[in-house]
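Chemist: A single structure is presented below for examination.
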Amino acid sequence: MATRIPTRIMVTAGAAALVLTVSACGSSGRTSGGGSGDGTLAWALTQGSEATFRASATEWNKAHPDTKINYQYFQNDPYKQKLRTAVGAGNGPVLFENWGGGALADYVEAGKVADLTPDLDKNPEWKNRIFPSVLKSATVDGKVYGVPVNGVQPVVIYYNKELFQKAGAEPPKTWDDLLALVKKFKAEGIAPLSMGGASKWPDLMWLEYLVDRVGGPETFANIAAGKKGAWSDPAVLEAAEMIKQLVDAGGFAKGFTSVSADTGQAEAQLYTGKAAMILQGSWAYGTMATGSPKFVSAGKLGWTGFPAVEGGKGDASNIVGNTANFFSVSAQASAKEKKTAVSYLKDGVYNDTYIDNLLKNGDVPPVKDLDAKLKASANADWTTYVYNLTRDAKNFQLSWDQALSPALGNELLTRLDQLFLGEISPQEFAAAMDTAAAK
Amino acid sequence: MTLTSASKAPPRTRGDGPPFLMALPALLLFALFALVPMAIVVYLSFTRWDGLGAPSWTGFDNWRTALTSDVTRHALWLTVKLMVVSWVVQTPLSLLLGVFVAGKQRYRALLAVFYFVPLLISTAAIAVIFKNLLDPNFGLGAVLDLPLLNQNWLGDPELAFYAVVFVISWQFLPFHTLLYQAGARQIPASLYEAAAIDGAGRLKQFWHITLPQLRYTIVTSSTLMTVGSLTYFDLVFVLTGGGPGYATRILPLDMYITGFQSNEMGLASAISVVLVLAGLVLSLALVRFSGFSRMRSQQAGM
């Protein structure tokens, strides 16, 4: 009898532990040494700019047979874990794609990323052609740990021109305009704004813009620096209050909290005429161009910057979004590998053919003096708009969930979701975030 | 386990059954892939580790956080709620369906095939399908223009939990129906014949023959159901991601988000140890109180 109890315990424990530990220990790193082909290993993502990377590697390897670059591509979500595990175990690649911000800062703190500042300073023409506002996202304590490799992704308001024409409305220039538009479209039975609220991060775009417009970029700078009570700043409270006002006024389409941003249904609401506006990153242009090519090519899609807030401290030219993806160099790479990586980043990335490939894909790189190239590109009015918006922005704030540490970013998304749901008040939101930041 | 059952059970001799050596390969694999990682997780639960660098010892910090945090407590409560509600919804439905399709009629066999379909679809696919069906703008309710169906199913904190229970039930009903079908078919027809001669109607037959005869099937199915919902993860992860707010953030999901999205491996390890312990206690309790260990043939004297 006595022997049967441990077996039972073990069987049950086994069942439970297997489920848990298989996931805990999954995704082992690929060793960068043997078996991965010759050349300097670079890890990048499959979606987005893969075609550009492929073309660039072919071109580079043809011209530099001694210092080849060897790309490996991974899917977005598993990549984050894979990279973390591999780099943590010392098996990471020499070059790796990342998003800058708080996650990159984690790697820097762990001493896993090489400082690129000396190399950039030695080559001013390399450093100076990149928008400083973008480079800032990969800068930790004044040192640059990554350089951008693809296009900028600012967040803008898209609107359905047809619906605006029918209603005799103008795109919003101020917050009050926006509230007036909400009333106007609601009266016509059209949802003023669609949003993929189930994914939570579209909620964040509202908070990012409103805090910037009300309190200026300093408000978030304080939050990012971890200052005590930074979340209870009057600007954050006012922004949260404005969000509540917009939600309570019925600004968002019915059921927005169950619409996922990954399925393209929020954008579909716009081009099917169910909703008049949507606040979303520049990639939504591609989503709509794929979802309804006719809608976009017929010129029914309009876009405009986030409205100004009267009496606010933030400049109306400020933008938020994902500045770009970056390539960082591993601190564990040998001197030769590092040299290859740096010369590739300097001469292989953002050269003429590279930029042409990006533009072909609809990516607008944060590189100076592109006006002529943009005019010749497909969708010239859109790419030019994005380019000028980014170039003229006084401040380009990296998405907060990327800029903050992953733990705080996660907490922020869920608390903000609760604010949009009306489960917590603006004051409770600020208090919860201050508590989380103090951890 | 108890004295009475032990005395009634047939006496077991020492040499009974296959030798211990035959269990060794399985035990070794089990130790390597379950016990060792579990020990590592217990160790990690006392450290602070972000997946990069080396873990640093923090003593009971993670445990204090895990046991006092509102989020984790709420997750624990949701898990218990999910367990109970799923059981209450699934057990009667699958029992009735199982008994129904146990009948030999042709149309019942045909229906059984249809009932079986959800079991063939992968969990992620089910989650994606229902995410689209329940969409308030392009989903079933909106397209058919049925106000009753057109609710904010996954976006309302109250509704989302029950929507999750519904989808889980939809997925697992076929499996439990299958168990009950098999159980019901094992019941000797002579019992029903005897009852019919004694003048028992259908309801009485169900109540006094089918249900008692299915007792051990109910225990098996309930054990699978409760332990399963304790560690259930994938469907909820794809369907709601724990949202809206914290409305469907059950404990396994809380563990995943803490570990792999927030990169707090130490805290996540503490949560996972709680999960293992809860699963252990639950299975032991079920086995203990349901008489699973005393299971004997119910057909003595037939």
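Chemist: What is the Cα centroid distance between region B:133-151 and region B:96-118, reported in whole angstrom?
Modeler: Cα centroid of region B:133-151 versus Cα centroid of region B:96-118: 29 Å apart.
Chemist: Enumerate the amide H contacts of A:Ala308 below 5 Å, restricted to partners 5 or more residues apart or on another chain; note that Pro and chain-start residues carry no placed amide H.
Modeler: A:Thr174, A:Trp175
Chemist: Residues of A:256-269, mean number of Cβ from any other protein chain within 10 Å of their own Cβ, rounded to a whole number? All intermediate terms of the calculation are to be shown ahead of the outcome.
Modeler: On the way: counts 4, 11, 18, 9, 10, 0, 1, 5, 0, 7, 1, 0, 3, 2.
For peptide A:256-269, the averaged partner shielding equals 5.
Chemist: Sticking with this one: Tell me what chain B gives for mean residue ellipticity at 222 nm when only DSSP H runs of n ≥ 4 count, each as -39,500 (n - 2.57), the sum divided by the residue total, rounded to 500 deg cm²/dmol.
Modeler: Working: 15 runs with 186 residues, N = 302.
Helices in chain B give a 222 nm mean residue ellipticity of -19500 deg cm²/dmol.
Chemist: Which of B:Arg64, B:Arg106, B:Arg185 moves most in a GNM of chain B, Cα contacts under 10 Å?
Modeler: B:Arg106
Chemist: I would also like to ask the following. When we measure straight from the Cα of B:Lys104, which lysines land under 27 angstrom away, once same-chain ones fewer than 8 places off are left out?
Modeler: Within the straight-line limit of under 27 Å, B:Lys104 reaches these lysines: B:Lys204.
Chemist: Considering the dipole of region B:56-291 built from charges on the beta carbon (Lys and Arg +1, Asp and Glu -1) around the Cα centre, which of B:Leu120, B:Trp207, B:Thr177 is farthest to its positive end?
Modeler: B:Trp207
Chemist: Across region A:359-370, in residue order, what do the Karplus-derived ³J(HN,Hα) couplings come to in whole Hz, using 6.51 cos²θ - 1.76 cosθ + 1.60 with θ = phi - 60° and x for Gly and Pro?
Modeler: Values, residue by residue: 5, 4, 8, x, 8, 10, x, x, 10, 6, 6, 10 Hz.
Chemist: Using a Gaussian network for chain B with springs between C-alpha atoms less than 10 Å apart, which of these wobbles most: B:Ser290, B:Ser272, B:Ser122?
Modeler: Of the options given, B:Ser122 has the highest mean-square fluctuation.
Chemist: Could you tell me which of B:Ala23, A:Thr390, B:Leu148 has its Cα farthest along the dipole of the protein assembly as shown towards the positive end, charges placed at Cβ (Lys, Arg +1; Asp, Glu -1), taken about the Cα centre?
Modeler: B:Ala23
Chemist: Once amide H atoms are built 1.01 Å from N in the peptide plane, which residues 5 or more positions from A:Trp303, or in another chain, come under 5 Å H to H?
Modeler: Hits under the 5 Å cutoff: A:Tyr159.
Chemist: So, one more: Along the positive direction of the dipole of region A:305-439 (beta-carbon charges: Lys, Arg +1; Asp, Glu -1; about the Cα centre), which of A:Ile424, A:Ser328, A:Pro365 reaches farthest?
Modeler: Looking along the dipole axis, the top candidate is A:Ser328.
Chemist: For region B:162-178, what does the Karplus curve 6.51 cos²θ - 1.76 cosθ + 1.60, with θ = phi - 60°, yield as ³J(HN,Hα) per residue in whole Hz, taken in order and with x for Gly and Pro?
Modeler: In residue order, the calculated couplings are 6, 5, 5, 4, 4, 5, 4, 4, 4, 6, 9, 3, x, 5, 6, 4, 4 Hz.
Chemist: Continuing with this model, one more query. Would you mind getting me the FRET efficiency between B:Ala109 and B:Leu203? Use the beta-carbon distance for r and R0 = 35 Å, nearest 0.05.
Modeler: 0.90
Chemist: Given A:Lys161/A:Lys394; A:Lys136/A:Lys346; A:Lys161/A:Lys254, which pairs have Cα atoms separated by over 25 Å?
Modeler: Values: A:Lys161/A:Lys394 28 Å; A:Lys136/A:Lys346 18 Å; A:Lys161/A:Lys254 21 Å.
As for pairs spanning more than 25 Å Cα to Cα, those are A:Lys161/A:Lys394.
Chemist: Additional query: Hey, what did chain A get for relative contact order, percent, Cα under 8 Å, at least 6 apart? List each step's numbers first, then the result.
Modeler: Details: 709 pairs, mean separation 105.9, N = 439.
Computed over chain A, the figure is 24 percent.
Chemist: While we're on this one: With θ set to phi - 60°, apply the Karplus curve 6.51 cos²θ - 1.76 cosθ + 1.60 along region A:284-289 and write out the HN-Hα couplings as whole Hz, x wherever there is a Gly or Pro.
Modeler: Coupling constants for region A:284-289: 5, 4, x, 4, 6, 5 Hz.
Chemist: Can you list the aspartates and glutamates whose alpha carbon is less than 19 Å from that of A:Lys313, not counting same-chain residues fewer than 8 positions off?
Modeler: A:Asp176, A:Asp177, A:Glu208, A:Asp212, A:Glu218, A:Asp233, A:Glu238, A:Glu241, A:Asp392
Chemist: What residue among A:Gly88, A:Gly39, A:Gly311 shows peak mean-square fluctuation when chain A is described by a Gaussian network model with Cα springs under 10 Å?
Modeler: In this elastic network of chain A, the residue with the biggest mean-square fluctuation among A:Gly88, A:Gly39, A:Gly311 is A:Gly311.
Chemist: Rounded to the nearest 5, what % of DSSP beta bridges with both residues in chain A are antiparallel?
Modeler: Of all bridge pairs located within chain A, approximately 60 percent are antiparallel.
Bear in mind these aren't lab numbers, they're just calculated from the coordinates by the rules spelled out. Only a predicted model underlies this, so the values are computations on that prediction, with no experimental measurement involved. Glycine gets a Cβ as well: all are built from the backbone with ideal geometry, and neighbour counts include every protein chain shown.
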